[in-house]
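Let me begin by presenting the structure, written as C-alpha cells, before commenting on it.
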Amino acid sequence: GKKLGYTFNHRNLHNVSLGQGQEVVAEQALDLAAQEGHWVILQNIHLVAKWLSSLEKKLEQHSEGSHQDFRVFVSAEPAPCPESHIIPQGILENSIKITSEAPTGMHANLHKALDNFSQDTLEMCSQEKEFRSILFALCYFHAVVAERRKFGPQGWNRSYPFSSGDLTISVNVLHNYLQASSKVPYDDLRYLVGEIMYGGHITDDWDRRLCRTYLEEFIKPEMMEGELCLAPGFPLPGNMDYNGYHQYIDDALPPESPHLYGLHPNAEIGFLTQRSERLLRTVLELQPRDSSAGQGAVGTQEEMVQALLEEMLEKLTEEFNMAELTARVEERTPYAVVALQECERMNGLTAEIRRSLAELELGLKGELTMTSDMETLQNSLFLDTVPESWVKRSYPSTASLGSWFADLLARISELEAWTRDFSLPSTLWLGGFFNPQSILTAVMQTTARKNKWPLDKMTLQCDVTKKSREDFASAPREGAYVHGLFMEGARWDAQSGTITDARLKELTPAMPVVFIKAIPEDKQDTRGLYPCPVYKTRQRGPTYVWTFNLKTKENPSKWVLAGVALLLQT
C-alpha cells in the first residue's frame, strides 16, 4: 500500500465470496469502500449472473465522486462455453484484466507442483528419506493427472478440477502417517490419496481405476530401493534438497511426450487432429452463406441444401412395417425382441428425418413460412453436421452428416437382412445397434434359458478369433460372433492372440471377429486378462457399453495407463 501513496491494513479490505445471497453484503461493502477509500474483493462473480447488471450500475455510480484510493477486484472461473460469457461488457471495458492459466506440459506442471513446498517442508519429517521420495512421487502424480486432461477422453473420461490443495493435503496426510509409524503404510496412503483426496473429484469408475493404477505404480516399496521409474528414462530421484529436486527436473526429465503419462504417441496425434478439426469447423461456420463467392463457386446455401435434401429423401428407405414384422415372428426369443426394438427406434428416427426434410423443402420453395427450426436444419445441412432434432432420436456419433447418413443406411440394410426370417446373422455388427447392450444381454438370456442358469450369476466371455467377417457363413450354436470393433491406445496381435503396442499413426486399428458367449461367473478365469471397456464413440464417458476381458502378456496396468479401450465407431 505504501508504494501506492497510502497506508493499507486488513481493516481497509472487504472480501466478499458471492453466492448464497451475499449480493446485498457486496453492495453495502462497495458503498462504504467508495466513501472511505477501501478495497473490495468480489470472488466468484460467475455464480451471480442475474446480479451482474446491478454491479455494473453500482460501479458506474461510484466511478465519479468516490475516494481516490477506492479499488474493486473481481474474480471468476473461466466460462466453459460462449453461452456462459455473462460478465457485462461495461465491467470488462473499464477494468484491467489478468488471467491465470494453468501451466502446460509436464516440465512446467512438475515444477509448479513442487513450488507448493519448500526446504522447510522437506525437513519437517523424522523419516526424511521416505518422506522426500513419496513427496516427489506425489508431485509427479499431481502433474500427470492435471496435464493428462489435454488428451481428451483417452486421458480422462470426464474433466476433473484437481487443484494444488489436493496435493498439499495429501502431503500433510503423508507427514502425519510417517510421524505416527515407523513403517510406511503404502496401502493406506494409496487409498487416502486415490479414493479420497483426488478420488473425491472422480465420478467415473474407469477414471477411478486409472487414478488408482497411477498410485500403485508410483507409491510402492520399490521406490526406497532405487528401482522405480516414474516414466521411461525418469527414475525417482534420491534424497536431495529442495533446489536439487528442481534442478533434477530440469536435467533428467525427458522431452514432453505421451510416454510421460503412460500413453502411446498416437494419443498426441489424436488430440491434435481433433483440435485442428475444431479450428476448421469454426472457420467453416464463419464463411458467407447468402451468395455465391464469385467465379467457380458451388452455389448459394439454398441451392446446396436443396440438392442435398433431395438426395437424402431419395436414398431414405420406407419405414419398417411393425405389424407385419411382429406377425412374422414365430417365437419371441430374446434376439427377435431386440430386432423388433431396433426396427421401432429406427422408424422413429427415419420418420423425423423424412418429416423435417420435406418441411424444409416446402420452405425453400416458398410454400411454407420458414421457422427457426427449419433455419437451424438448413444451417446444419450446409455445415455438414447432424441436425439436433435427429440427434435426439439417434445414437451417439461423432461423424459429420455425410458419414452419419451413409452409416444410417448401412444400419437399415443390416436390419432389413436380419428381419427377413429373424434368424441370427452369421456375425452381428455391434456398432449398428441403437442399444448394443440389448444384444449382449440377449446372448446371456438365451444361454440362461437353455441351461436353466440364473441370469444374475452369469457373465460374458470374450474370445477374439483370427478371422474377419467374410470368413463366417453361419452363427454359432451358442453365443454370437460380433464385428465392427476398433481398439484405441493399442492393437490386437492376431498371431499371439494378445494386446500389444499400437503401430505409429494407426489410431484405431480394426479388431478381428469376436466370439461372445455367456458363462457362469464362477467359471471365469481373470488371470492374464485386461478388463477392457467398450464405448460407442471416441467421446467415451457416457457411451460405455460393456467390459470385454482381453488376453495380455504384459501387466494390465500398462493398458490402463495407456487408456486402451474398444470403440464401436471411429
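The values are calculated or read from the model by the stated rules, or taken from the named source; none is laboratory data. Because the structure is predicted, anything quoted here is derived from the model rather than measured. Note: ideal-geometry Cβ built from the backbone for every residue, glycine included; neighbour counts use all protein chains shown. The area values use the complete protein model at the heavy-atom level, side chains included, leaving out ligands, DNA and RNA. Shrake-Rupley method; radii C 1.70, N 1.55, O 1.52, S 1.80 Å.
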- Query: Just a yes or no: is a residue in region 433-450 among the aromatic types (F, W, Y) and modelled with pLDDT under 90?
  - Reply: no
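When only residues in region 391-406 that are more than 16 Å from E311 (Cβ to Cβ) and assigned to a helix (DSSP H, G or I) count, which is most open to solvent (accessible area, probe 1.4 Å)?
Residues of region 391-406 that are more than 16 Å from E311 (Cβ to Cβ), as a first pass: 391-399.
If we keep only those that are assigned to a helix (DSSP H, G or I) as well, we get 391-392.
Details: V391: 68, K392: 155 Å².
Of everything passing the filter in region 391-406, K392 is most open to solvent (accessible area, probe 1.4 Å).
Whether any residue in region 185-200 is among the basic types (K, R) and either open to solvent by less than 40 Å² (accessible area, probe 1.4 Å) or in a loop (DSSP other than H, G, I, E, B) (or both) is what I want to check. Talk me through it step by step, then tell me what you get.
If we filter region 185-200 for residues that are among the basic types (K, R), which is where we start, we get 190.
Adding the requirement that they be either open to solvent by less than 40 Å² (accessible area, probe 1.4 Å) or in a loop (DSSP other than H, G, I, E, B) (or both) leaves none.
No, that holds for no residue.
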- Item | Among the residues listed as E83, E130, the single one being in the same structural domain as G244 (by the TED database), part of a helix (DSSP H, G or I) and open to solvent by 30 Å² or more (accessible area, probe 1.4 Å) | E130
- Item | Where Q35 falls short, out of the listed (1) under 30 Å from L167 (Cβ atoms); (2) open to solvent by 70 Å² or more (accessible area, probe 1.4 Å); (3) modelled with pLDDT of 85 or more; (4) not assigned by the TED database to the domain that holds K150 | (1)
- Query: Quick one: how many residues across region 360-390 are open to solvent by 60 Å² or more (accessible area, probe 1.4 Å), charged (D, E, K, R), within 21 Å of E314 (Cβ to Cβ) and not in a loop (DSSP other than H, G, I, E, B)?
  - Reply: 1
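Could you list all residues from region 219-251 that are small (G, A, S) and part of a loop (DSSP other than H, G, I, E, B)? Show your work before the answer.
To start, the set of residues in region 219-251 that are small (G, A, S) comprises 226, 231, 233, 238, 244.
G226, G233, G238 - these are the residues of region 219-251 that are small (G, A, S) and part of a loop (DSSP other than H, G, I, E, B).
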- Residue match in region 401-410 (condition: over 29 Å from G479 (Cα atoms) and not hydrophobic (A, V, I, L, M, F, W, C)): yes
- Going by the conditions given, is A143 of a type outside the set (S, T, Y), open to solvent by less than 40 Å² (accessible area, probe 1.4 Å) and touching a His at 6+ places or on another chain (Cβ under 9 Å)? yes
- Query: Of the residues in region 64-102, how many are within 31 Å of the chain's Cα centre (by Cα) and free of Cβ contacts under 8 Å to residues at least 24 places away in the same chain?
  - Reply: 11
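Out of curiosity, is P235 touching a residue at least 24 places away in the same chain (Cβ under 8 Å) and assigned by the TED database to the domain that holds R149? Steps first, answer last, please.
Working: touching a residue at least 24 places away in the same chain (Cβ under 8 Å): no; assigned by the TED database to the domain that holds R149: yes.
Criteria not met by P235.
Restricting to region 312-335, what's the tally of residues that are farther than 15 Å from I412 by Cα and in contact with a helix residue (DSSP H, G or I) (Cβ under 9 Å, 6 or more places away or on another chain)?
So the first thing to find is which residues in region 312-335 are farther than 15 Å from I412 by Cα, and the list is 323-324, 326-335.
Restricting the remaining residues to those that are in contact with a helix residue (DSSP H, G or I) (Cβ under 9 Å, 6 or more places away or on another chain) gives 326, 329-330, 332-335.
So the count comes out to 7.
Could you count how many residues in region 323-355 are of a type in the set (D, E, K, R), assigned to a helix (DSSP H, G or I) and without any contact (Cβ under 8 Å) to a residue 60 or more places away in the chain? Talk me through it step by step, then tell me what you get.
The initial filter retains those residues of region 323-355 that are of a type in the set (D, E, K, R), namely 324, 328, 330-332, 342, 344-345, 352, 354-355.
In the following step, the residues that additionally are assigned to a helix (DSSP H, G or I) were identified as 324, 328, 342, 344-345, 352, 354-355.
From the residues that got through so far, the ones that are without any contact (Cβ under 8 Å) to a residue 60 or more places away in the chain too are 324, 344, 352, 354-355.
Of the residues in region 323-355, 5 are of a type in the set (D, E, K, R), assigned to a helix (DSSP H, G or I) and without any contact (Cβ under 8 Å) to a residue 60 or more places away in the chain.
Right, F151: outside any helix (DSSP H, G or I) and open to solvent by less than 70 Å² (accessible area, probe 1.4 Å) or not?
Details: outside any helix (DSSP H, G or I): no; open to solvent by less than 70 Å² (accessible area, probe 1.4 Å): yes.
Answer is no for this residue.
Take the conditions modelled with pLDDT under 95 and within 30 Å of S133 (Cβ to Cβ) and apply them to A267. Does it pass? I'd like the intermediate steps shown before the answer.
Values: modelled with pLDDT under 95: yes; within 30 Å of S133 (Cβ to Cβ): yes.
Criteria met by A267.
Taking region 512-570, which residues are of a type in the set (G, A, S) and over 21 Å from N157 (Cβ atoms)?
Residues of region 512-570 of a type in the set (G, A, S): 518, 528, 541, 557, 562-563, 565.
Result: A518, G528.
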